[in-house]
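Read the structure below first, then the notes.
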Amino acid sequence: MEKKLQDLKKTFMSEMDNVKDSQFLADLKKKYLGRKGELTGILKEVKDMASEEKPRVGKLANEIKEELTEVFNKTEKIIKNKGDQAIDFDPTMPGTKRQTGHLHPSTIVQQEVEDAFVSMGFSVYDGPQLESDYYNFTALNIPEEHPARDSHDTFWLEQNWLLRTHTSNLQVRMLEKHGAPFRGIFPGRCFRYESTDASHDHTFFQLEGLMIDKGINIGNLIATMKSLLSAVFNTDVDVRLRPGFFPFVEPGFEMDIKCLVCEGKGCSVCKQSGWVELMPCGMVHPEVLKAGGVDPNEYSGFAFGLGLTRLVMMKYRIDDIRLLESGDLRFLKQF
Ligand code: DAH
């Protein structure tokens, strides 16, 4: 009888090793501990045994019953807490990869440009996107009725407030606050009330730069722009400088780069021209310096308005600007 009990325990334990799910476990319980189960059967036999063996065998039978019940309860608990697959857990399997978020491509490029400028001694500033007519236009030598306002399709709000159309809105704010000499960049979101296509969106990013000091000239401007572009693209890119008109700089330029999406062949991004306007820039107009409280006879400087969104498109060869603000995960997951 004692041997029978020990054998039963052994088979029970080896069957427990194969438990796969709660159904299997319930069947095992029935088989051993149920009313017609194997152990229950033995316990019944013990009752009819000769009296001198009975206490010893009875004790062993009860001990084994307790042991089996304990193992059974433990396994049941694990399955209940972790689900059926807990039993199948294989510690040598590679883990499930957790999904992590990442920076938006515009933020990645913005930070790269910031790093390049910080290494040249510039500081990074932020400013309002909800702006007054004064800082967005008038202080930049664009008074009311000036035709240059037409080129900025503006989201007008109540009482001459607007959504800034460019990051140049911070030029005079920064000069008023920090005075000269000054070296800063201001990246940020801008808005234009215009119909969208592959190269225009109502919301986009610019990165404005302003450097004011004694004796600053066009040579400083060009050298700064070139170091920036080689830092961002890690290679020399073809650029060209054309005269450009902006009321707040004199002289003003357009710095274009050879389109990297089509390599100059012509595509929707470069409007088939092979070149992309990336960086309008120029020497700060004396009227703007005056508006910021800086004496134009003592100081001069340059300003530029880098099209950050365009730069992102060039860097990652994105051929439709609207993807960037779309929030489309199929697009964003590629970065
Ligand atoms: N703010 C201008 C725009 O968005 C671009 C610009 C032109 C910025 C010349 C500048 C500059 O700083 O010097 O159209």
*Any chance you could give the angle, 0 to 90 degrees and rounded to 10, that helix 105-118 forms with the longest Cα principal axis of the chain?*
60 degrees
*Enter the accessible area of His178 (Å², nearest 10), with the probe set to 1.4 Å and all protein chains included.*
80 Å²
*Which distance in nm do the two modelled labels at Ala26 and Phe245 give, with both placed 7 Å along the Cα-to-Cβ direction?*
8.6 nm
*Taking the alpha-carbon centroid of each part, what is the distance from region 272-296 to region 224-246 in angstrom?*
15 Å
*asked:* Compute the distance from the alpha-carbon center of region 108-156 to that of region 2-17, in whole Å.
replied: 82 Å
*At a Förster distance of 45 Å, what's the computed FRET efficiency of Asp153 paired with Thr92, Cβ-Cβ distance as r, to 0.05?*
0.15
*Consider a paramagnetic label point 7 Å from the Cα of Asn297 along Cα→Cβ; state which residues of region 203-222 have an amide N under 16 Å from it.*
215
*asked:* Run the paramagnetic zone check for Gln99: 7 angstrom along Cα to Cβ, then residues of region 288-320 with backbone nitrogen under 20 Å.
replied: none
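At 222 nm, what helix-only mean residue ellipticity would the chain give, in deg cm²/dmol to the nearest 500, using -39500 (n - 2.57) for each DSSP H run of four or more?
Result for the chain: -12000 deg cm²/dmol, rounded to the nearest 500.
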*Enter the angle in degrees (range 0 to 90, nearest 10) between the Cα long axis of helix 2-17 and the first principal axis of the Cα atoms of the chain, meaning the one along which they spread out most.*
20 degrees
*Label Ile222 and Ala50 with points 7 Å out from Cα along Cα→Cβ: what is the distance between them in nm?*
11.8 nm
*Given a 1.4 Å probe and the protein chains all in place, what does the accessible area of Met16 round to, in Å² to the nearest 10?*
20 Å²
*Given H placed on each backbone N at 1.01 Å, which residues far from Asp238 in sequence or on other chains put an amide H within less than 5 Å of it?*
Lys258
*asked:* Give the separation of the Cα centroids, region 183-215 to region 21-36, in Å.
replied: 72 Å
*How big is the charge dipole of the chain about its Cα centre, in debye rounded to the nearest 20, if each Lys and Arg gets +1 on its Cβ and each Asp and Glu gets -1 on its Cβ?*
1980 debye
*Find the cysteines in the chain that fail to meet the 4.7 Å Cβ criterion with every other cysteine, and list them.*
Cys190, Cys281
_Lysine pairs meeting the criterion (Cα under 29 Å, 8 or more apart or interchain), as found in region 105-332_ = 14
*Tally up the carbon and sulfur contribution to the accessible surface of region 105-332 as a whole percent, 1.4 Å probe, everything protein left in place.*
48 percent
*Which residue, chosen from Phe155, Asn136, Pro181, occupies the Cα position most advanced towards the positive end of the dipole of region 116-190, where the dipole is computed from +1 (Lys, Arg) and -1 (Asp, Glu) charges on Cβ about the Cα centre?*
Pro181
*How far apart, in nm, are the 7 Å Cα→Cβ label points at Gln111 and Val237?*
2.0 nm
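Filter the GluC sites (Glu not before Pro) in region 25-84 down to the DSSP loop ones having no more than 13 other Cβ atoms within 10 Å, then list what survives. Show your work: numbers first, answer last.
Details: sites: Glu38, Glu45, Glu52, Glu53, Glu63, Glu66, Glu67, Glu70, Glu76; in loops: Glu52, Glu53.
For GluC sites (Glu not before Pro) across region 25-84 that sit outside H, G, I, E and B with at most 13 neighbouring Cβ atoms in 10 Å, the list reads Glu52, Glu53.
Using a 1.4 angstrom probe, figure out how much accessible area region 213-328 has per residue, in square angstrom, rounded to the nearest whole.
Numbers: 5170 Å² over 116 residues.
Averaged over the residues of region 213-328, the accessible area is 45 Å².
The values are calculated or read from the model by the stated rules, or taken from the named source; none is laboratory data. None of the values given here were measured: they were computed from a predicted structure. Note that we place each Cβ from the backbone using ideal geometry, even for glycine, and neighbour counts take in every protein chain shown. The protein model used for the area step is the full one, side chains on, heavy atoms only, and it has no ligands, DNA or RNA in it. Shrake-Rupley method; radii C 1.70, N 1.55, O 1.52, S 1.80 Å.
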